[in-house]
Structure formats: C-alpha cells, structure tokens
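Structure first, then comments.
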Amino acid sequence: MSVGVIVVLAVLLAFLGVAAWLFSLARGQERSEEVLSRLQSGADQPVVLFAGDSPEMAIPGVRQLSRLLWRAGSAIQPRGIVLMGLGLIMLMVLVPLVAGALVGTLVDAAVLLVIYVVLQQRAARRRSKIIELLPGYMENLIRVMSAGNSLEEAIVTAARESEDPLRPLFMSVGRQTKLGAPVEQVLSEAGQLYGLRDVKIMSLAANVNRRYGGSLRGVLKSLILAIRQRGTAARELRALTAETRFSAVVLALVPVGLTTYIYFTNPQFYDAMWQDPVGKKVLIGGVIWVFAGMFILWRMVNAIGDED
C-alpha cells in the first residue's frame, strides 16, 4: 500500500474522530458547562469525582479508560482522554498498514497489553497506599469530629494533614460537599471509582447517621480495627505465598528468555519457520499463548496480594 493511501486513511480517521467528539459535545453542552463550572473551583488538586457527568462519557470505551487512568493517578479529564484515544486508534490502524496485517496486529496487541498491565500496576500500588493510610486518616477524622466539627469539615481538615495519594482524594470529596453535593454520595462515588470498600462503608455510615442519628465515631473505630486486621492477614498471606509468586515470575520469563537465546544463537531457525506457512502459524500462536499465559499469571499473583 502506497504512502499516499496511508496518509489519506489517517486523515479520514482523524476527521471521523473529531466529528464524533464534536457531536458528543453538542449533545450535552449545557450539562457540561454546569459540571465544569463546579469543578473549576479548586483546580489546584486533581478532581475526578463527578467527571462521569461529562458528555464525552457517552462514547464507548471512554468511561472504562477514564476510570483506569484515574485509578492510576492521572488527572486527565474525559475530553483529553477522547483525544488521546483517537491518536492511539490512528496509530493502531497505521501499524498494520506499514508492517503488515499479522505483524502489525501482534504489535498492537502487545502494546495494548503492556499499557494495560502498567496502568493496572500503578492503580494497584496507589490503591494499596490509600488503604495503608486510611486508618490514620480516620483517626484524625475522629479527633476533628470530637472537637465539634461536622463530618464535611472534618473530612477536609483531616485530608490536609494526610499524605498523597489520600490527600487529593478526600480534598476532592471536601470540595464537592462544599459545592452542595451530599457527602454520602461523594464518598460512595469515590469508593466505587477506586475500588475501596472501606470508603463505601464510610458512605453508608454517613447516610445512616444523617437519616437516623447514632454514633458515627463508633463505626469509624470499628472500621479502623477491621482495616488493620485485614492488612495484617494480607501481609501474612503474601509471606506464605512468596515461593508461589516467585515460581509464577520464573514461569513467565522462561519462554521469553529461551526464545531470545535461540534467536541469537541460531537465527536461521526462526527464519525458516517464518518462511513456512505452518511454521508461521505456530510462531504466531506461540506468541499469543505466551502473552496470554503471562497475563493470567500476573492476574493470579495480584489476586494473592489483594487486601480487599
């Protein structure tokens, strides 16, 4: 395929993407302006809560990608995610056109898998750090509430004394409550976004306390004890399964290392297989199965260390 055809296809894809983006903006412009005006008060910290109200979220795949990036610590808004996704789609279409259908598809799949694994790893580390800091934050929250402050005020005050990544999370919650959003709703959305069951329990406790009264501090103390006990159990489990996790890493690296060794010691072996129709299918299938196995092992290892 000539370079001119490739350029024309790339331009057409760009125009189609821009048209879809403008159409989505036109559908929800009024709602978007309302949400953005609310989010602009306090742009010094990454604000991700209630961003799901933006019209870009109606585009397929944008919501899932947004949540993945936000969990990984990125403060990018849905509009920027749409533009980034369009650029990635254009590159994924151009690679098979330049390198061939089979090789290009494998390269695209490998790149997407690496990006997904990296984002998931960053999100898992960020979530683990939040869970580690959460008991100390709740203790500060109880002390501030004992001084006579409301829950909304205590959330912001305790967040100022916390470390990242917990500080921007609860500062965002505090800003949304100041703008009129119910604190239990904001906490529920934060817990759903980051996959934090303990924050969801805080939301339920705040909702029950608002409707029926009761001691919110008692619920928080019980939650602190439960988080610390679960963390201790998770660390013990990781220590007991250290050998299993190391075996998983070895199993994932052996095929890659063996393939690299054979390629550098006898490159004609793979060249001959690539020229043969059956050998080409075997190589492509082997690469697919290796990546699938590595992904499954990675998910299993992460499941072992999951604290929630």
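Among residues of the range 152-176 being of a type in the set (S, T, Y) and at pLDDT below 85, the one that is surrounded by the most Cβ atoms within 10 Å (Cβ to Cβ) is S172.
Note on the range 168-186: among residues that are over 12 Å from A154 (Cα atoms) and among the polar types (S, T, N, Q), the one that is nearest to the chain's Cα centre (by Cα) is S172.
Applying a threshold of 6 Å to beta carbon distances and a minimum spacing of six or more residues, or different chains, the list of pairs starting in the range 231-254 at a residue that is within 19 Å of I296 (Cβ to Cβ) and ending at one that is assigned to a helix (DSSP H, G or I) reads T241/I304; R245/V301; A248/L297; A248/V301; A252/M294; A252/L297. No other residue among V254, V219 is among the β-branched types (V, I, T) and over 23 Å from F295 (Cβ atoms) apart from V219.
Scan the range 275-290 and tell me whether some residue there is closer than 21 Å to A123 by Cα, in a helix (DSSP H, G or I) and not acidic (D, E). Within the range 275-290 (the criterion being closer than 21 Å to A123 by Cα, in a helix (DSSP H, G or I) and not acidic (D, E)), the answer is no, since none of the residues qualifies.
The values are calculated or read from the model by the stated rules, or taken from the named source; none is laboratory data. Keep in mind that this is a model prediction, so the values were computed, not measured. No Cβ is skipped: glycine too gets one built from the backbone with ideal geometry, and neighbour counts run over all protein chains shown.
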